[in-house]
1. Within a 10 angstrom radius of the beta carbon, how do 181, 215 rank from fewest other beta carbons to most?
2. Between residue 81 and residue 138, how high is the FRET efficiency from 1/(1 + (r/R0)^6) when r is the Cβ-Cβ distance and R₀ = 30 Å? Nearest 0.05.
3. Would you order 244, 249, 223 from fewest to most other beta-carbon atoms within 10 Å of each residue's own beta-carbon?
4. Name the residues of the range 230-265 whose amide N is less than 15 Å from a point 7 angstrom out from the Cα of residue 346 along the C-beta direction?
5. Quick one: what are the phi-derived ³J(HN,Hα) couplings along the range 234-251, Karplus 6.51/-1.76/1.60 with θ = phi - 60°, whole Hz, x for glycine and proline?
6. Within a 10 angstrom radius of the beta carbon, how do 108, 338 rank from fewest other beta carbons to most?
Amino acid sequence: MTRAERAVSLVPSIAALLVFTGALAAGCGGGGGDGDDVDAGVRDAQVGEGGVDAGRRDSGPPVDAMAPPSCEGVTCDAFEYCFEGECASYPPCAGDGTCRAGSTCHSRYCVPDDVDVDGDGSPAGEDCDEADPENSPLLDEICDGDDDDCDTEVDEGDPAAICEYYPGGGVCIDGSCGCPSGTFDLDREVPGCECAAMPDLGLGVTCETAIDLGSFPDSPGLTQVVTGNVLPDDRVVWYRFTATDVADTTCDNFHVRAQLTSNPGDTFEITVSRGSCAAVACPGPVTPTIDYSWATDFRGDVGGVVSGQCPCWAGGTTPSAAAAHCTDDSATFFVRVRRRPGSALSCATYSLEISNGVYDS
């Protein structure tokens, strides 16, 4: 057989071998799908009917090795931000002007100007304090010793106006709303401390330290009026005066009277004592009233004996049925003024009239 004939005779054999090899490969793959392709058979064996992507979906979401981790659901502390699923601090700074453009130094961190760390509606580029939502250019100034509205001034404005909505009213003093000593905010419709204590605090606190009104002679007679409001509510005010009994020959004119001639709302009452203070109280009447008299310029029948010193008796040492001695009845009197329990608190003032030798019996 010639060389050419041998070559021709080998063609069927090679073809048969190729068919066998393909069949063997299909058999080793566990069944070949369409049976017409080795790669197809392998894919079918790996993922079933859905192909490669379907097989991967069956075992979980696809993973892109080039994509960074997600920040969804990640919560970071103040002055931190999420990067690739992790929290990181903003860059540090040493003060104003030490951050690069587009960020501002807050609490020693360079915060991007459009980030609102404290959630007060004002971003870092505008806010004066990103660590405190109570400081923002969107807020009004209140009395608290702080720059609330970010204008670099503290508690500026009308001291009464910035305390207008404070429950106790008053005016702004050293970061707190209140009233200076001796003043009170009783009218909440008008801002400020509109009412001053009368008399001044510290005056007439006790009987021994009573406000001295001086001497009141019964002839020719003297009247004096004092006013006050006895604030604060639990306060009392003491007055004292000396009523002098000038020597008389016909009729003793000695007649001491203390009365409230103005008493708004029946708010005030007085207690008057004749004599001297004993400890912190005065002897004498203890029943509060609004009008008090102690006099000798009268005639009266008391137990069959005519009392009073008008007219005077110039006889012996014993008064007759017609007259009595005109003796010296000079004395010191003490008057306490206070508010009636349960009375409404106001700035309204009383008028207390004190006199001697003015009124007749």
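1. 181, 215
2. 0.80
3. Taking fewest neighbouring Cβ atoms as first place, the list is 249, 223, 244.
4. The answer is 230-231, 262-265.
5. Whole-Hz 3J(HN,Hα) from phi for the range 234-251: 8, 8, 10, 10, 9, 10, 9, 8, 10, 9, 9, 9, 5, 4, 10, 10, 10, 8.
6. With the sparsest Cβ surroundings first, the list reads 108, 338.
Values quoted throughout were computed directly from the atomic coordinates according to the rules given, and no laboratory measurement underlies them. If you're wondering where the values come from, they're calculated on a predicted model, not measured in any experiment. Reconstructed Cβ throughout: ideal geometry from the backbone, glycine too, with neighbour counts over all protein chains shown.
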